[in-house]
Amino acid sequence: MRGKVSILLWFCLVLPFSVFSQITFEAKLSRDKLGLNENLQVEFVMNENGDNFIPPSFEGFRVVSGPSQSVSRQYINGVSSFSKSYSYFLQPNRKGFITIEQAAVTFEGEEYKTEPVTVQVTDAVERPNDPNNYQFQIQDNVHLVTHISNASPYINQGVLVEYKLYFQNPVNISDVTQINTPSYADFWSNNIDIGQIKVNPRGSYNGQPYNEVLWKKVLLYPQRSGIIELDPLVLGMTISVPTNRRDLFGSRIYNQVQENISTNPRRINVKELPLEGQPAGFSGAVGTFDFNVLANKTSLNASESLQIRVKVEGRGNLGLFPLPELIAPSNLEVFQPERQESINIQGSSSSGQVEDIYTIVSRVQGSYPIPSLTFSYFDPELEIYKMINSQEQIISVYGDPTDPASTISTVNQANPSINLVTGETKSFRFIKLNTSLESILEKGFWLSTLFWTLFLTPWLLMIIVLLTKKLLFDRKSDPLSKQQKTANRLAKKFLSAAKKQMNQPSAFYLALEKGLHTYLKAKFKIETIEFSKDKIRELLNHNGVDDEIMHEFIALLSNCEQARYGLGLTVNVREDFEIASRIMAQLDKQL
């Protein structure tokens, strides 16, 4: 009986401590589903004071802010609890299910990782609702709008789409970048160059004055009928929002927030082209056009050529349909046409001309008719089909096919060594088949100074190249030299990045810490995950680094960590940069 009581007392006393002493490290999301234009807060929480926090890559997101670190210690009824968290605000870059990978932290030499978490990103919401980061001033004063010239076009009828950004006081906008670009999968699209982005201070939105920015302009030609939804355009921007606070001079204080602004969903109802009255051979031309077939000459000699242009000009989907094919009598040799286009975009359609240029060579004298060609198109304004017929043309070929100028064509068929040359008076000539060679012995070249120079120069160059390559290879194969160069190059790179961020302490210390870690990683060939302070102290001590330099290096890393996470440390950016440069130089000498 006493044994059972002892075991029960042991479970009652020991088990709670073992439960409470269990280390946890987990990722917490503010939501598991959000719109493309909403923000997500993710916290990595640990119940012990871990070290060397390594965040995930956040692929599929843009980091708006973070990490921000918070530490909490509480005593309730004599029981203490500890919590340490790293918090980020993220903005999604795409729709779908996005997984946030594992974060890692080290505690007493052991590494702990969070479980991956997945969040669903849907279409942009019409009215973002995120109490953590969104402001009503932004919702009421910033709008990204899609303007469509025609929401109910026919197939192949041009639709002009303009994306405009509207904003008004009291907010200001800066640093605008495009986060998501529409794909236009069911359209033939043509992006229109709008030049430099400019702000029109006299714009209007819903009848009220706004600043207006034309951000993107595209001409679309729908390729199928039915309802087609346009993908949203999403812009990321820095927005200055006024607060209720004022500075010493009475001016209002502004807060800068990172925001994703998205267009509302827009649909285009594409109508099928009517089958009633559709001509045979209709090629899909939609618009208003003129059609002509023009020959540069109608009479010529049997040895000459002419050009015939099949041309369509007007407004519509120029370049997106084939032109009628020219048919000529068999005695006229017709070559493949050359396509020429001169198209400009005006309003909601293209204008200009498209033509196929045919080259025709006459062979036998006579009169040859060029049949009439028919071109049909659909006029979306009148909603009817129209047909244009070209005039039949007669090509007159003169000249006796038995005279020398004409019989060349007959000779060409029997002798494949004849080359065609265009011209007005002479159309053909023979290719020269024979050549005359001269002996170099007669000119004294054999075994001359020039001969030996040309013979030996390539060998000398080859020997020089091989020796140079061997010398460079020996240098590169030196592991110490290569490792030293790699360490110096990477350290200078990150120190240079830190120097550029001196006006922003958090970014400066992040770059400085990366530079110090990268330097050690190249020197000792260790992974980033091994960067604990004890490990660094052990490596430096093992390699004979002076205690003073080692302590300065560790202190500098601690300074970077505390400055990054805002633990109340008073920092001197310039002094720490000089210390880092000096320590790296001293380590290079000792290592």
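The values are calculated or read from the model by the stated rules, or taken from the named source; none is laboratory data. Here the structure is a predicted model, which is why all the values come from computation and not from measurement. Note that each Cβ is placed from the backbone with ideal geometry, even for glycine, and that neighbours are counted across all protein chains shown. Heads up: the accessible areas ignore ligands, DNA and RNA and are worked out on the full protein's heavy atoms, side chains in. Shrake-Rupley method; radii C 1.70, N 1.55, O 1.52, S 1.80 Å.
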Give me the net charge of Ser225's neighbourhood, meaning all other residues with Cβ under 11 Å from the Cβ of Ser225; Lys, Arg count +1, Asp, Glu -1. 0
Net charge near Gln22, counting Lys/Arg +1 and Asp/Glu -1 over other residues with Cβ under 13 Å of its Cβ? -3
Distance between modelled label sites at Ala295 and His542, nm, 7 Å Cα→Cβ extension: 9.2 nm
On a 1.4 Å probe surface of the protein chains, which of Thr374, Thr435 comes out largest in accessible area, and what is the full order? Thr435, Thr374
Amide H of Asn331: which non-local residues (sequence gap of 5 or more, or other chain) have their own amide H closer than 5 Å, using H built in the peptide plane? none
Show the residues, 5+ positions off or on another chain, whose built amide H is closer than 5 Å to the amide H of Asp51. Thr106, Phe107
Expressed in nanometres to one decimal, the distance between label points 7 Å along Cα→Cβ at Trp459 and Asn331 is 7.0 nm
At 1.4 Å probe size, with no ligands or nucleic acids counted, give the accessible surface of Arg245 in Å², nearest ten. 130 Å²
Using the beta-carbon distance between Thr359 and Glu381 and R0 = 22 Å, what value does 1/(1 + (r/R0)^6) give for FRET efficiency, to the nearest 0.05? 0.05
Please give the solvent-accessible surface of Trp188 in Å², to the nearest 10, using a probe radius of 1.4 Å with every protein chain present. 100 Å²
Taking the alpha-carbon centroid of each part, what is the distance from segment 354-396 to segment 215-243 in angstrom? 42 Å
Given 0.36 nm per residue, what is the gain on full extension from Asn344 to Asn172 after removing their alpha carbon distance, in nm? 58.3 nm
Report the accessible area of Met387, computed with a 1.4 Å probe over the heavy atoms of all protein chains in place, in Å² rounded to the nearest 10. 120 Å²
Just to check I understand the Karplus step: with θ = phi - 60° and J = 6.51 cos²θ - 1.76 cosθ + 1.60, what whole-Hz values come out for segment 171-177, glycine and proline as x? 8, 10, 10, 8, 6, 8, 10
So how far apart, in nm, are the two label points at Ser68 and Lys28 if each is 7 Å from Cα heading toward Cβ? 1.5 nm
Going by a ≥ b ≥ c, the root eigenvalues of the Cα gyration tensor, does segment 208-277 fall in the rounded group (a/c under 1.5), the prolate group (a/b larger than b/c) or the oblate group? prolate
If you take every residue apart from Pro182 with its C-beta less than 15 Å away from the C-beta of Pro182, what net charge results, scoring Lys and Arg +1 and Asp and Glu -1? +2
Using modelled backbone amide H atoms (1.01 Å from N, in-plane), which distant-in-sequence or interchain residues come within less than 5 Å of Gln346's amide H? Ser351
